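Structure, as structure tokens:
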């Protein structure tokens, strides 16, 4: 799942919609000649598809295209992502607009609904959205995630168990009144479909990710935003692959039952190299917090992980490497890269049908890891979160 793009663009939609209601506020009263005109004005939100002369082609969020006619009196305001009113809006001109910008257009809609004579345009620049996406992506990556151990809605805290290459630790997530809490819809792998929720909806066994500020020892985390959901983790062996149908069959080693795994455009597939799988297995066999074997920083010496710096071993709280951040740095793979009989770990939706699931993330090449867990090593649970951009945008939550 790609947390950043959908979340930031959804925020832009909300911001623009809210601002559309406040255009006639005290500092911008001139935009309206009265309540009657406000009542009859139409409001459209979408993305600029083309600009020709004084006409802007708007692709609305409802899937239609509208021609926006810019008048000599049309006022164009630029706002930054996240602004909640027009107090810091900047006046710009038609030539400052670009394809890809998000806008709210207000004015008189023609009888056929195909043209709008704009009185006010409120724009969020595409470049500003991309910058905000990158900023939020970095914040999510610096955040924490794991399995929910307990939730105390009365005190505004959630305790999660977080897996790292240095061991298992508990982290207390602390919320405030302005903390955004969201929850994935059943059978959904899209972050933009996550619903506004409350802490009392979070249950033990759920997976949770938070962004915010980590304490110095990594044991506490002040959350700005939380997203949680109920997901299914599967460890098993591939019994068949249908690359054309984007499905594969897996024998669940725990449930001892076959599972049909479906893949969508949002599903992610990554495969560990043998060296990296052995390295992780060795760390899992080590005593919690132990330093048995090679250091994570040396993993890149043998090309065991893609990425830069410390071989993709992003550091978590308390100096421990967050396993999910390690996996996020692996290059994407395809179903055709898998083989029958190969061991895989999958995190998926729960699924309306028990033996059919939709994959969120699949990790291949995990034989050494499953063997280590069966011999008493730390159990590994994949996270459903992804923080990088889609492949066509140069990356990849």
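A few notes on this one:
- Being modelled with pLDDT of 95 or more and either over 23 Å from the mean Cα position of the chain (by Cα) or surrounded by fewer than 19 Cβ atoms within 10 Å (Cβ to Cβ) (or both) is a property that does not hold for residue 127.
Yes/no matrix, rows are residues, columns are (1) closer than 30 Å to residue 226 by Cβ; (2) in the same structural domain as residue 175 (by TED's automatic domain parsing); (3) within 28 Å of the chain's Cα centre (by Cα); (4) buried (at least 20 other Cβ atoms within 10 Å of the Cβ):
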| residue | (1), (2), (3), (4) |
| --- | --- |
| 54 | no, no, no, no |
| 95 | no, no, no, no |
| 120 | no, no, no, yes |
| 162 | yes, yes, yes, yes |
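- The sole residue among 67, 42 that is more than 32 Å from the chain's Cα centre (by Cα), assigned by TED's automatic domain parsing to the domain that holds residue 116 and closer than 12 Å to residue 106 by Cβ is 42.
- Against the numbered list (1) at pLDDT 95 or above; (2) within 30 Å of the chain's Cα centre (by Cα); (3) buried (at least 16 other Cβ atoms within 10 Å of the Cβ), residue 50 comes up short only at (3).
- Residue check for residue 354: over 22 Å from residue 213 (Cα atoms) and modelled with pLDDT under 80: yes
- Among the residues of the range 66-99, those that are closer than 17 Å to residue 54 by Cα and part of a loop (DSSP other than H, G, I, E, B) comprise 93, 97, 98, 99.
The values are calculated or read from the model by the stated rules, or taken from the named source; none is laboratory data. Since we're looking at a predicted model, the values are computed, not measured. Virtual Cβ from ideal backbone geometry, glycine too; neighbours counted across all protein chains shown.
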